[in-house]
Amino acid sequence: MNFGRWPPAHFPLYKFSWGNVMDIKNVVEDYWNFRCASYTNGITGFCEEEREAWKQILSDALPSGKHLKVLDVGTGAGFLALLLAEMGHEVSGVDISAGMLEKARQNAGKLGVDVNFSLGDAENLPFEDSSFDLVVNKYLLWTLPEPPRALQEWKRVLKSGGQVCAIDGNWFDPGLLPGLKRYLKSSFRIFVKKDRYPSLFQECYTPIRPFLPLYRDINPKNVSELFMNSGLTEVETDPLLGILHFENSRLPLLQRVFRDYQIFLISGKKRKS
């Protein structure tokens, strides 16, 4: 497959059966297969300081002193998978995009860590029941057509007492102030590089966003409710202030002033049987 080619030969021919999950996932897969050529981990290209900041967040969220069997769902370029492998855990990563998995394997080779990456769907995982101590994901929930089904799958592959940690952000907050900031970014190109990716993102996601329930309405309250409705217990929220501080220290002043989103971590546990 020729990753990094846009548009795919069949992309203009998509004729959606509106609401058809496979059609939606095909679009998402194509977009991220294209983006794999340019996608980087983190805001700094996954530098040592950024890795350490995230490792501290993960250490605070996870049981201390335990060697965990971890699944990173929607691993992308391997951000969380590589961090957790560096921290000494046994890690598998799964993603719908073969191109992003190729990028993740390259990143793992550069860091000298061992992660088992495989192709798979976050809402239909290719793993046995009760296989993992921990399921993690980063910036995934907003991309899913069926978030409740995903939570049931993540809970299914967890061992008794296992934990889910989801990191996401209110990227497309419909509020007035975030909307104004996004308008300014789009109008004046303050934050984004002068490249084609913002317009291609819109080309890809505009037709399917009505069928992504959390696309415009993802926030700690909604995700916490999603976790609790799935049967997870001890649901907790972390506003990731340490990461916010790190990112703000690396961003130009205008980007800090007009930042239009916040990120957060939600965790919950599978009941012990």
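Before moving on, here are some points about what is shown:
- Matching helices (runs of 4 or more DSSP H) fully within segment 174-233 where at least 1 residues are at pLDDT below 60 and within 24 Å of F264 (Cβ to Cβ): 176-188
- Test for V136: is it farther than 30 Å from D23 by Cβ and touching a residue at least 24 places away in the same chain (Cβ under 8 Å): no
The values are calculated or read from the model by the stated rules, or taken from the named source; none is laboratory data. Since this is a predicted model, take the numbers as computed values, not measurements. For neighbour counting, all protein chains shown are included, and Cβ atoms are generated from backbone atoms with ideal geometry for every residue, glycine included.
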